[in-house]
Structures are given as structure tokens and as C-alpha cells.
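The values are calculated or read from the model by the stated rules, or taken from the named source; none is laboratory data. Computed from a prediction, not measured in an experiment: that's the story for all the values here. For neighbour counting, all protein chains shown are included, and Cβ atoms are generated from backbone atoms with ideal geometry for every residue, glycine included.
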Amino acid sequence: MATEGSNVGRALLLGTGFLFLGAALLYDPRLLAPLAPDGFAPLTLEKLRSARTGFAVAGGAFVACAELARRVPGLGRALSRRGVASALLALCGLGVPLALLDCGLRPFVEPKTTLYVADPELGWKLSPGAEDEYGGVRVHVNGKGLRGPELAFERPPGSLRILWLGDSVTFGYGVERVEETFPYAVAERLAARLGIPVETVNAGVGGYAPWQQLAWLEREGWRYAPDLVVVGFVLNDLTEPLSLVRYGGQGEGWQLARSARGALDRWLSASALVSGMREGFARLRFGRDVRRGAEALEAYDVRRLVAEPGAPLWERSWRLTESNLSRIFESARRRGVPVALVVFPYAFQLDAPGATAGPQRRLVALSQAEGVPVLDLLPILADRAEPGAGPFFLDASHLSVVGHAAVSEALDPFLIREQLVPGGPR
């Protein structure tokens, strides 16, 4: 009887081991690529290899335990005990399938991020000191809740400090090295040109529109004592606020919706099963690739904004946006700090810049009426773009490393020409 029980225990261990080893063999990119939302990005391949390694190690461990039970009589007798056999049966019958499913889903789901926290005034903000994967890259938030090196509020003598307001484009979504994002690339160019240290305060936060930029500027931005404020404007700054509860919509913002809130939520988000169920509900709304689906809906709204400039919905958004931009400009004027506006295009606009530039023309007119220098990047990038708006964009609106470099090349002479930094024409 003891032999029969130990044989059953060894069979369970051996079967479980082969199950894990089989899963490791099946986790081949050529077999699983059709199931991925958009093929396999390098990060997803890394996760896939990690899952395969985990399966192989677990399978090898179970097979080794089965062989050990065959060779060691005492271990075989232990497996024959009723309590041990029942626990082993429960483990192999319930725990193993769940573990296989959880590990197997990991390369295909995106867990909630810990980079954002709720804020009663701003809606959301970057969590000070947070570090997480976001947009396929590792992102670190400094102790003051901004991306990039942490700076003291007091500006060092003899240096030039530029404060950049904006959303995920200014933040540098999808770009791992902050040095390659345009705020830091511009600082490097200016430092070489002017021969003085140039400091960057990158206050870009994913999803921020001018109403949030204004609130953050008044609450914290002026504490950095900047020599210049540059406002980065993307056309979804006009469309996104209307989806928020604050302005009559039903949403709380993509950033909060995809954020882990509290220890329990972070713990649940660590499970690929939980994340997979959440992803499933999100896919019902956004499609197979949730992030790209949300971006497609956002781009559709921007296309409508371009195609229907006089629609009442967009006029309401324009009034809100123009009011908040004017308040940012006025806030800078009161403090005697130069301010500039930089308008970023959507990728689709590069294919027909003349026909789609209506929003840019309106923003340029607003800036000129306010006496604020403005740089419209649409004609600049359109002149240099390859078919399909490449290679400047990662998606509908976010810049690639090449795009950030092109923007910095345009911004450097603009800031000099407009006398926004020392060394310009007099």
C-alpha cells in the first residue's frame, strides 16, 4: 500500500514536471506571436523568455523531486501518507494549473502602473520616488514628483533654468533615457552654445491639459524660479478634458484608470490572472490592443476636431483651453518670466499639413494676440517626414527618439531667435 501511494505521489510529481516542461517548449515566439496584440516588442520577448525559463526550472524541479522520491525510500513513504498525498493532489490539481495560467499570461498583459496617484486639485500626478515600467520602458520619478534629475527649488547662480509644461509628449513617453527627450536635448544644445549651465525642470505629466499645467504651475512650478517657461501643446489637450467628470464627462482619466491604488490593488496587479481579466474588460471597449485602441479613439477625436472646427462640442473645448493658456501666459507676465508656446502635431497631420492645420493656426493666432512667441512644429516636421509620418512618431502622437532630436533642433534656434534666452539678436 505504501508502495502504491508513493507511486501515485511520484506520478503526480512527474506529470506536473512534464506539464511545466511542455509549457516551456510551447512558449516559442513563432507559435505565440499571433496571440500578441502587436507582434512581440523587445520587452515582451524578454517577458516571454522569462516565463519559458520559469517553466523549465519548475518542470525540472518537479521531475527531480519525483526521481528523488524513487531513490530515497523515506521520501517515498512520506508521499504515501494520506495528508501528504491529499496536499500533493490539491497542489497538482489546482495550484499548478493556476500557476501555469498566471505565468503564461504575463507576456500578454500590462499590469497597472504605480507611477500615478490621485490628486484632488490636479486629478492625478506622478508619485514621488516611484519606479515602474511604462510605455515599454523603465521610468523613474524623482522625489519631487517629476521625471528627470531632482533639482533644488533654489536656482544656482550663473545658470539658466527652463521649466517645461506639457503632457506625455513632453514627459517623453516611450523613451527610456531622459537625456534623449527634447527638454534635456535642448538644454544640452543651449549649454554648448551659451557656455553656461542650463537646467531642465520637466513638468510634463501624462494626460495633462492646460488646466492642470496652470494649477501645478501656481502650486509648485514657480518655486523653481525658472528663467523661462515653455508650454508644450498637443491637440488632444483640447479633446481629453471633456471626457473627465470635472467637465461633464464620465471618466477619471487614462492615468488613474490604469493605476494601482493602495497595497491590495498593487498586490492584485502583480497577478497576471487579475490583470488579464481587467485587460479583457478593457478590450471590450478599446479592442485587442488596449493602449493602441485608446490612442485610436483619441486620434479619432483629434481628427474630428480638425474636420469639424465649428462644432459646438469643440467650441466649448476651445474656450476652456484658450482661457487656461491665457491664464498661464498672464501668470508668467506677472512674474516677469518669459513664456513660449510649442505646438506639436499629430502623426496624421504630416501627410497633409496644409489641409489639417486649422487647430495650429488658431493656437498661433491666440499666442500672437497675447504677445507670446509660438513655434508650430507641423510644417517643420512635415518637411522632413518620410511617408507615413516616420520616423518621428512611436504612435499617433508620441515622439520617437528621432522625433525628440528633430524637435530639439527646431527649438534651440527658436529660443535664441525670440530672445527667450541669452545670446539672441538685439
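Mind checking whether some residue in the range 101-116 is under 28 Å from PRO149 (Cα atoms), among the hydrophobic types (A, V, I, L, M, F, W, C) and modelled with pLDDT of 65 or more?
Narrowing the range 101-116 to residues under 28 Å from PRO149 (Cα atoms): 110-116.
Among the residues that remain, those that are also among the hydrophobic types (A, V, I, L, M, F, W, C) are: 115.
Pick out the ones that are also modelled with pLDDT of 65 or more and you get 115.
Yes, the range 101-116 contains a residue that is under 28 Å from PRO149 (Cα atoms), among the hydrophobic types (A, V, I, L, M, F, W, C) and modelled with pLDDT of 65 or more.
Strands (runs of 3 or more DSSP E) fully within the range 118-183 that include at least 2 residues being under 14 Å from the mean Cα position of the chain (by Cα): 123-126, 131-134, 137-140. The residue list LEU75, LEU21, LEU35, LEU45 contains one member that is hydrophobic (A, V, I, L, M, F, W, C), modelled with pLDDT of 75 or more and either assigned by TED's automatic domain parsing to the domain that holds VAL137 or surrounded by fewer than 19 Cβ atoms within 10 Å (Cβ to Cβ) (or both), which is LEU21.
Within the range 190-228, which residues are outside any helix (DSSP H, G or I) and under 19 Å from GLU179 (Cα atoms)?
Keep residues of the range 190-228 that are outside any helix (DSSP H, G or I), which gives 195-209, 220, 225-228.
Within the range 190-228, GLY195, ILE196, PRO197, VAL198, GLU199, THR200, VAL201, ASN202, ALA203, GLY204, VAL205, GLY206 meet the criteria.
Does any residue of the range 138-145 turn out to be polar (S, T, N, Q) and in contact (Cβ under 8 Å) with a residue 40 or more places away in the chain? Checked the range 138-145: no residue is polar (S, T, N, Q) and in contact (Cβ under 8 Å) with a residue 40 or more places away in the chain.
Looking at ALA257, ALA311, ALA270, can you tell me which residue is under 19 Å from TYR116 (Cβ atoms), at pLDDT 55 or above and surrounded by fewer than 17 Cβ atoms within 10 Å (Cβ to Cβ)? Working first, answer last.
Working: ALA311 fails: under 19 Å from TYR116 (Cβ atoms); ALA270 fails: at pLDDT 55 or above.
Selected residue: ALA257, the only one of ALA257, ALA311, ALA270 that is under 19 Å from TYR116 (Cβ atoms), at pLDDT 55 or above and surrounded by fewer than 17 Cβ atoms within 10 Å (Cβ to Cβ).
Listed by first and then second residue, the pairs linking a residue in the range 188-213 that is outside the structural domain of VAL234 (by TED's automatic domain parsing) to a residue that is in a helix (DSSP H, G or I) and of a type in the set (Phe, Trp, Tyr), with Cβ atoms under 9 Å apart and 6 or more places separating them unless they lie on different chains, form an empty list. In the range 220-241, the count of residues that are more than 30 Å from ALA357 (Cβ to Cβ), under 22 Å from the mean Cα position of the chain (by Cα) and in contact (Cβ under 8 Å) with a residue 40 or more places away in the chain is zero.
Give ARG384, ARG327 a once-over and let me know the one that is surrounded by fewer than 18 Cβ atoms within 10 Å (Cβ to Cβ), in contact (Cβ under 8 Å) with a residue 60 or more places away in the chain and of a type in the set (D, E, K, R). Steps first, please.
Numbers: ARG384 fails: in contact (Cβ under 8 Å) with a residue 60 or more places away in the chain.
The unique qualifying residue is ARG327.
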